[in-house]
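Working notes, beginning with the structure itself.
The values are calculated or read from the model by the stated rules, or taken from the named source; none is laboratory data. Note that the coordinates shown come from a computational prediction; the quantities given were computed from them, not determined experimentally. Glycine also receives a Cβ, built like all others from the backbone with ideal geometry; neighbour counts cover every protein chain displayed.
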Amino acid sequence: MTIPECILIISGSGRMLAQAAKNAGLKPLVIDLFADLDTQYYAEAFKQVPSLAEQDLSAAVDYFIERYAVGHFIYGSGFEYYPESLCYLASRLRLLGNSADTFAALHDKSVFFSRLERLAIPYPDVCFCPPVAADKWLVKPMQGQGGLGIKHYQPKDAIDSAVYWQKYQAGTQHSVLFLAAGKKVQVIGFNTQWTIALSEAQAFIFSGIINSCELLDEHKERITAWLQQLVCEFGLKGLNSLDFIQTGDTIFVLEINPRPSASMQLYDADLLIRHIKASQGELTDYAPSYAGYAGYQIVYAQQDVMIPDGFEWPDGCMDLPDFGVMCRTGQPVCSIIAHQKQAHLVMNALQIKQFNLQKVFNTHGI
């Protein structure tokens with residue numbers, strides 16, 4: 001079992017994993033797209049890159065290997081658009097998490113849904129050519145994250161070739177965070193999440209999540225049984241999350257995120273160390289240490305926002321852009337997190353924090 005002192009974190013946004021690594025006593029080295037203030041604080045060293053394509057990563061990877069002799073890496077969000085980069089990274093460093101092949105299989109929608117079909121795990125109807133009846137269908141990108149590019153299907157719309165169609169299913173959106181070690185699974189927690197419509201073309205953007213879920217025990221047991229099947233089917237490793245939607249007694253699986261997800265930060269357990277151990281085949285006993293609830297929410301720019309010099313962020317804000325950074329309309333400005341003893345108080349606290357942020361923006365004329 002190897003717990004490396006230095007670990008290279010590569011992600012669209014590396015703050016969450018860098019913070020987890022720092023809290024675990026490791027030395028996080030970060031490559032990401034934003035180099036926000038929090039990431040700079042938690043990272044031992046960092047490099048900002050324009051994309052996660054191999055040509056943009058290679059120089060930064062070389063730097064950290066040569067300067068810090070780093071030998072392991074963990075990946076976060078963003079590789080949905082650059083899955084081939086994982087093959088390159090795995091050729092340079094030891095990967096802690098799902099392999100590039102597993103990642104690719106889970107994002108090959110025809111493979112994923114055919115496996116669900118074979119395992120008799122329910123999912124909303126899907127098709128890979130335009131449906132005859134356009135009513136109540138969504139069009140989704142083959143490769144995407146956080147709901148980007150998902151919209152209601154209109155036959156008149158110009159369609160990118162790299163999409164599929166899924167029947168719209170009303171219900172409550174949930175996810176389950178879990179650890180996997182090849183053929184073993186360990187549920188960390190069930191969550192409720194919500195989306196925001198930023199435009200007609202961005203109608204289902206991930207907005208927030210809370211580690212509260214009103215599922216019946218029988219529903220949780222059913223989903224856990226599905227996870228056991230899926231972990232064996234795909235050989236999953238480390239932290240993953242499964243998104244699903246509930247309508248009454250019916251539950252439909254939507255997708256698996258084969259990497260540490262945003263819900264990771266809602267739990268107090270040392271999940272990064274557990275991710276590293278699970279990636280090497282070891283699952284340790286898990287018992288949550290915090291009796292209350294936590295919620296996380298992304299704040300999106302309602303118009304172009306330039307962060308002025310000396311701007312003082314309200315308490316509870318994180319993923320903070322540096323002074324002088326321009327956040328375009330619809331882009332994340334920052335995120336907020338809240339902890340309370342009751343779930344409804346978490347939701348209230350998130351609303352208050354977002355209101356206070358907007359008030360400070362107004363004060364600065366932003």
Residue identified as out of contact with any helix residue (DSSP H, G or I) (no Cβ under 8 Å at 6 or more places or on another chain), in the same structural domain as I273 (by TED's automatic domain parsing) and of a type in the set (S, T, Y) among S91, S110, S51, S77: S110
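Would you check which residues across segment 57-81 are without any contact (Cβ under 8 Å) to a residue 60 or more places away in the chain and crowded, with 17+ Cβ neighbours inside 10 Å and list them?
If the condition is that a residue be without any contact (Cβ under 8 Å) to a residue 60 or more places away in the chain and crowded, with 17+ Cβ neighbours inside 10 Å, then L57, A60, V61, F64 are the ones that fit.
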Wholly within segment 1-80, strands (runs of 3 or more DSSP E) carrying at least 2 residues that are within 24 Å of K277 (Cβ to Cβ) and modelled with pLDDT of 95 or more: 6-10, 27-32, 72-75
Qualifying residue in segment 304-313 (condition: touching a strand residue (DSSP E or B) at 6+ places or on another chain (Cβ under 7 Å), surrounded by fewer than 14 Cβ atoms within 10 Å (Cβ to Cβ) and free of Cβ contacts under 8 Å to residues at least 60 places away in the same chain): yes
Some residue of segment 339-350 being farther than 21 Å from S13 by Cα, surrounded by 14 or more Cβ atoms within 10 Å (Cβ to Cβ), modelled with pLDDT of 90 or more and small (G, A, S): yes
Residue in segment 260-274 that is in the same structural domain as Y164 (by TED's automatic domain parsing), closer than 20 Å to A104 by Cα and crowded, with 19+ Cβ neighbours inside 10 Å present: yes
Counted residues, segment 81-97 - those being within 16 Å of the chain's Cα centre (by Cα) and closer than 23 Å to I273 by Cβ: 1
Filtered residue count, segment 312-328, keeping only those that are assigned to a strand (DSSP E or B) and among the aromatic types (F, W, Y): 0
Residue within segment 202-216 that is surrounded by fewer than 19 Cβ atoms within 10 Å (Cβ to Cβ), without any contact (Cβ under 8 Å) to a residue 60 or more places away in the chain and farther than 23 Å from Q342 by Cα present: yes
Conditions (1) of a type outside the set (K, R); (2) farther than 17 Å from E255 by Cβ; (3) assigned by TED's automatic domain parsing to the domain that holds W165; number of the one not met by D125: (2)
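Yes/no per residue for (1) assigned by TED's automatic domain parsing to the domain that holds R328; (2) modelled with pLDDT under 95; (3) not in a strand (DSSP E or B):
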| residue | (1), (2), (3) |
| --- | --- |
| V187 | no, no, no |
| N191 | no, no, no |
| Q202 | no, yes, yes |
| G208 | no, no, no |
| H219 | no, no, yes |
| A225 | no, no, yes |
| Q228 | no, no, yes |
Sole exception among (1) modelled with pLDDT of 95 or more; (2) surrounded by fewer than 19 Cβ atoms within 10 Å (Cβ to Cβ) for S279, by number: (2)
Residues (touching a Pro at 6+ places or on another chain (Cβ under 8 Å) and either in a loop (DSSP other than H, G, I, E, B) or without any contact (Cβ under 8 Å) to a residue 12 or more places away in the chain (or both)) located in segment 263-303: Y267, D268, A269, A301
Scope segment 130-144; condition of a type outside the set (V, I, T) and either over 14 Å from L254 (Cα atoms) or in contact with a strand residue (DSSP E or B) (Cβ under 8 Å, 6 or more places away or on another chain) (or both); matching residues: P130, P131, A133, A134, D135, K136, W137, L138, K140, P141, M142
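Please work out if G248 is over 23 Å from the mean Cα position of the chain (by Cα), in the same structural domain as K109 (by TED's automatic domain parsing) and more than 28 Å from Q202 (Cβ to Cβ).
yes
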Odd one out for V187, checked against (1) under 25 Å from S279 (Cα atoms); (2) among the aliphatic types (A, V, I, L, M); (3) touching a Gly at 6+ places or on another chain (Cβ under 9 Å); (4) surrounded by fewer than 18 Cβ atoms within 10 Å (Cβ to Cβ): (3)
